[in-house]
Amino acid sequence: MDKGKTVGGFNPQHLSESRKRVRKAIQRRTIDYNSNIMRHLQLRQVNKYGDYIASQPESSFVVNYLPPIAYETNPISSVTTKYLLIKKWTPEGRRLITAASSGEFTLWNGLTFNFETILQAHDSAIRSMKWSHNDTWMLSGDDSGIIKYWQSNMNNLKIVNAHKETVRDLSFSPNDSKFASCSDDGTIKIWSFNDAEEERVLTGHGWDVKCLAWHPFKGILASGSKDNLAKIWDPKTGKALATLHGHKNTIMQCEWNKNGNWLLTCCRDQLVRLYDIRTMKEVQIFRGHKREVQSIAWHPIHSNLFSSGGWEGGLLFWLVGQHDPVMAIEQAHESSIFSLDWHPLGHLLASGSNDHTTKFWTRNRPGDLMNDKINLTKEEADSLGLMVDNSAHNDEKEEEQQGLPGLPGLDSNRIPRYSKKEKEEPSGWNSLPGHRTNQSNYNHNGYQNQFQNQNHKYGFNQR
């Protein structure tokens, strides 16, 4: 039959054309970090005297914005408060994997944030995922107590019946030859990765073990349980080296700092606690969440910066040594934030919530304001006339300035960024072990005072 020929008054070409779906053009936001890295590598040769690199608070300097590793002395610059739209980034940061209660893996593009593929990985809800240090293997655990081995191309090679109940957390040893798993059955198990055989069972917690973390370079383990206790273990002997008291409810997550000295724990008692294992004592308590703290994550570049997610959907950013959060996003999610994961470069933060959404948060561009509904409380947003949150992604330019009702000519950009008076920090806060940040270097806009000099040729300032 010739193309377009009518048979009995019927043209099959018209039918095929009518079935074609006309999709509306969508402009997707893309975060390409390659140009920033290349510029950082170029400037690294120029900055041989170790000058501090500045990030000027002006939108025209966005072309000079560098990756977080360039601002090691200014952790405030890496606070990700800007909303872009897993829960595990792939090691190279090009994709991220979200795991669902349906047992599915969903792969998302880490640059354009669009859907790539979906995979039926488990038969029950997936509760934990962990990449090996050599970036070659990933482990996943589910509600039925099964652990699966995955290659980087999402090829499943091995299935292990590990526990009788839900696998809550997984962690690799520093050399990836072993891994540990914890479960609601109250046990921690040490496994040989190559043989997938159980080597030792650690018993000592009186209830469900909710989290564990292998030390980044030592042969010790940390775990948290529903019995309100955090324990330090020797995986070789299977004995508990120390028990950390302090929390009054279930410990939901524990994370080692990359310096190897600090252990961070979060709990349903609404607190985050920092311990120093050199003295086995509590260093600091972080109060700020209104409900239970569900998740924490250290920044991959700045060792004194971490984020925490709460049951109420709040996302808080903290600096070790400061008692108040440096930034609080009270309406980050509509429900509890179960997981947080930083991009390997530290410029993006992914948050997964019980409201069935995954959100990506990025650093503010130079000159960006914080007067949007995401970063303000409802009362503050209403007072500024901000009725639309930044989920619409209208942050390329300020199209219209919202005015205050009853005050013509006074736009929202003239309103001070913070309505609450900053509290005075207690003396001696910067004497914490391993903490070298000087609070006096920061002004209320989050930029270092010493970086305000505009006359330097490359935007650097001398020490």
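The values are calculated or read from the model by the stated rules, or taken from the named source; none is laboratory data. These figures come from a predicted structure and were not determined experimentally. Every residue, glycine as well, gets a Cβ built from its backbone with ideal geometry; the counts of neighbours run over all protein chains shown.
Of all residues in the range 277-287, those being buried (at least 18 other Cβ atoms within 10 Å of the Cβ), farther than 22 Å from ASP169 by Cβ and in contact with a Gly (Cβ under 9 Å, 6 or more places away or on another chain) number 1.
Could you tell me whether the range 191-198 includes any residue that is on the phi > 0 side of the Ramachandran plot and either surrounded by fewer than 18 Cβ atoms within 10 Å (Cβ to Cβ) or hydroxyl-bearing (Ser, Thr, Tyr) (or both)? Yes, the range 191-198 contains at least one residue that is on the phi > 0 side of the Ramachandran plot and either surrounded by fewer than 18 Cβ atoms within 10 Å (Cβ to Cβ) or hydroxyl-bearing (Ser, Thr, Tyr) (or both).
For the residues TRP131, TRP137, TRP150, TRP191, the requirement of being of a type in the set (A, V, I, L, M, F, W, C) and touching an Asp or Glu at 6+ places or on another chain (Cβ under 7 Å) singles out TRP191. With respect to the stated conditions, SER339 fails to be assigned to a strand (DSSP E or B), touching a strand residue (DSSP E or B) at 6+ places or on another chain (Cβ under 6 Å), buried (at least 18 other Cβ atoms within 10 Å of the Cβ) and at pLDDT 90 or above. For the residues LYS218, LYS231, LYS210, LYS248, the requirement of being of a type in the set (Lys, Arg) and touching a Lys or Arg at 6+ places or on another chain (Cβ under 8 Å) singles out LYS210. Of the residues making up the range 300-310, those that are in contact with a strand residue (DSSP E or B) (Cβ under 7 Å, 6 or more places away or on another chain) and either assigned to a strand (DSSP E or B) or buried (at least 21 other Cβ atoms within 10 Å of the Cβ) (or both) are LEU305, PHE306, SER307, SER308, GLY309, GLY310. Scanning the range 147-165 for residues that are among the β-branched types (Val, Ile, Thr) and under 15 Å from ALA99 (Cα atoms) gives a single hit, ILE147. Scanning the range 268-327 for residues that are within 16 Å of the chain's Cα centre (by Cα) and polar (S, T, N, Q) gives GLN294, SER295, SER303, ASN304, SER307, SER308. Applying the criterion of being in contact with a strand residue (DSSP E or B) (Cβ under 7 Å, 6 or more places away or on another chain) and basic (Lys, Arg) to the residues of the range 154-190, the residue that is surrounded by the fewest Cβ atoms within 10 Å (Cβ to Cβ) is LYS158.
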